[in-house]
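Q: Please see the structure below; I have some questions.
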Amino acid sequence: MKIEPLTGVIGARITGIDLQNVDESAAKELRENICRHQVVVIPDQSLSPKEQTEFSHQLGPYSPVPFVQPIPNHPEVIKIVKKASEVNAFNFGGVWHSDFSFLETPPAFTILHSIDVPVTGGDTVWTSNSAAYEALDSESKSKFESVTCIHSASASYSPKQQNLHSALTGMDIRTSTEAEKTQEHPLVCTHPETGIKSLFFNGTYVRGLRGPEISSSEDEEHLLLWLHNWTTHVRFTFRHRWANGDVVIWDNRSTQHVAINDYAGQRRELNRTTVAGEIPSLY
């Protein structure tokens with residue numbers, strides 16, 4: 001297994017591994033590198049949905065996926081697809097987010113395998129929430145430890161969004177009033193495997209904030225905007241240009257990501273699985 005960092009902050013390319021044949025020792029080493037680099041790119045793979053599911057289980061148990069229906073006969077795999085004809089359709093994953101942070105126990109890892117990607121465009125960008133935390137001054141670090149984030153899927157999966165999702169005819173996304181439920185997590189969380197602190201924040205699913213220094217809606221709105229702009233600053237990011245056969249694995253506990261919608265008239269298809277995590281905690 002050869003590991004090459006891709007930026008000075010986040011991301012690594014891993015070669016010398018065949019994900020169809022991963023033993024326990026290699027899976028442990030791979031998991032450690034995902035946690036360390038936060039995003040890893042493994043090129044030149046060819047996994048069927050069954051093989052991708054089996055590989056996912058080597059990193060940990062399945063993490064349930066709400067609202068998005070799996071592909072037939074593979075209940076742990078969802079297909080992310082936008083057809084070439086769907087020029088004006090919403091781009092799935094096209095806003096900054098951490099996967100399903102609105103759950104009580106969000107996923108630890110997401111595994112995305114490219115099947116058919118555009119010749120140009122359709123990149124994905126990740127940002128390091130741990131680097132964003134580390135770059136804070138000591139006063140902000142201390143203050144943010146008393147802030148609680150209120151997560152919700154309402155902005156993405158409430159029934160009023162159904163027409164938006166239905167424009168992607170290759171996916172089966174079913175919105176629900178369940179999206180209106182809220183889940184609270186600390187703003188500052190400690191990674192359970194590395195011990196590194198991160199800002200567990202994303203502008204899509206964090207719909208509110210609570211804390212001793214947030215005394216008005218204006219304070220809340222200001223901090224929400226500030227956190228979004230801070231955590232997604234270019235200095236904390238890594239942008240990946242997809243090639244067919246890439247497998248990219250990222251740690252949702254310390255990152256956010258966004259899929260760029262700049263490939264009108266081209267098809268983009270990837271298979272996704274998720275690995276269960278833990279309840280986010282400061283300690």
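The values are calculated or read from the model by the stated rules, or taken from the named source; none is laboratory data. Because the structure is predicted, anything quoted here is derived from the model rather than measured. Using ideal geometry, Cβ is built from the backbone for each residue, glycine included, and neighbour counts are taken over all protein chains shown. For accessibility, only protein heavy atoms count, side chains too; no ligands or nucleic acids. Shrake-Rupley method; radii C 1.70, N 1.55, O 1.52, S 1.80 Å.
Q: Give, as ranges by residue number, the residues of segment 255-283 whose backbone N falls under 18 Å from the point 7 Å along Cα→Cβ of HIS57.
A: 272-277
Q: Here's another thing I want to ask about it. Could you tell me how far the Cα centroid of segment 6-43 sits from the Cα centroid of segment 58-116, in Å?
A: One Cα centre to the other: 20 Å.
Q: Which percent of the accessible heavy-atom area of the chain goes to carbon and sulfur, probe 1.4 angstrom?
A: For the chain, the apolar C and S fraction of the accessible surface comes to 50 percent.
Q: Divide the volume of the convex hull of the Cα atoms of segment 48-89 by its number of residues and quote the answer in cubic angstrom per residue.
A: Hull volume over Cα atoms, normalised by residue count, gives 98 Å³.
Q: Any idea how far apart LEU225 and SER138 come out in nm if each label point goes 7 Å out from Cα toward Cβ?
A: For the pair LEU225/SER138, the computed spacing is 3.1 nm.
Q: Per DSSP H run of at least 4 residues, take -39500 (n - 2.57); add these up for the chain, divide by its residues and hand me the 222 nm value, nearest 500 deg cm²/dmol.
A: That calculation yields -6000 deg cm²/dmol at 222 nm.
Q: With every atom except the alpha carbons ignored, what do you get for Rg and Dmax of segment 125-245, in angstroms?
A: Expressed in Å, the Cα Rg and Dmax of segment 125-245 come to 16.7, 50.
Q: Something else: What is the gain in length, in nm to one decimal, between ARG241 and ALA167 on full extension, counting 0.36 nm per residue of separation less the C-alpha to C-alpha distance?
A: Here the segment from ARG241 to ALA167 would lengthen by 24.1 nm.
Q: Per residue, how big is the convex hull of segment 174-260 when only Cα atoms are used? Give it in Å³.
A: 169 Å³
Q: In addition: Under a Cβ-only charge scheme (Lys and Arg +1, Asp and Glu -1), can you give me the dipole magnitude of the chain about the Cα centre, in debye to the nearest 20?
A: 520 debye
Q: Send over a whole-number figure in Å² for the accessible area per residue of the chain, probe 1.4 Å.
A: For the chain, the solvent-accessible area averages 44 Å² per residue.
Q: Along the positive direction of the dipole of the chain (beta-carbon charges: Lys, Arg +1; Asp, Glu -1; about the Cα centre), which of GLN161, HIS97, PHE238 reaches farthest?
A: With unit charges placed on the Cβ atoms, the residue in question is GLN161.
Q: So, one more: Any lysines with Cα under 28 Å of the LYS160 Cα? List them, leaving off those in the same chain fewer than 8 positions away.
A: LYS79, LYS82, LYS83, LYS181
Q: Further question on the same structure: Considering the chain as a Gaussian network with a 10 Å cut-off on Cα pairs, which listed residue, ASN271, ASN163, ASN252, attains the greatest mean-square fluctuation?
A: ASN163
Q: Return the Cα extents of segment 134-178 along principal axes one, two and three, sorted largest first, each rounded to a whole Å.
A: Reported extents, whole Å, longest axis first: 48, 22, 12.
Q: Between GLU178 and GLU145, what is the label-to-label distance in nm when each label sits 7 Å out along the Cα-to-Cβ direction?
A: Once both label points are built, they end up 3.6 nm from each other.
Q: Please give me the summed charge of the neighbours of ASP116: other residues whose Cβ is under 10 Å from its Cβ, Lys and Arg +1, Asp and Glu -1.
A: Here the count lands on +1.
Q: In segment 165-266, which GluC sites (Glu not before Pro) are in a loop and have at most 12 other Cβ atoms within 10 Å, using DSSP for the loop call?
A: GLU213
Q: So for segment 1-72, taking the charge dipole from beta-carbon charges (+1 Lys/Arg, -1 Asp/Glu), which of LEU19, LEU6, ILE71 sits furthest toward the positive end?
A: LEU6
Q: Find the Rg to Rh ratio for segment 102-174, where Rh is the Kirkwood radius over alpha-carbon pairs and Rg uses the same atoms.
A: Rg divided by Rh gives 1.07.
Q: Here's a follow-up. Given charges of +1 on the Cβ of Lys and Arg and -1 on the Cβ of Asp and Glu, with all other atoms neutral, how large is the dipole of segment 1-159 about its Cα centre, in debye to the nearest 20?
A: With only Lys, Arg, Asp and Glu charged at Cβ, the dipole is about 280 debye.
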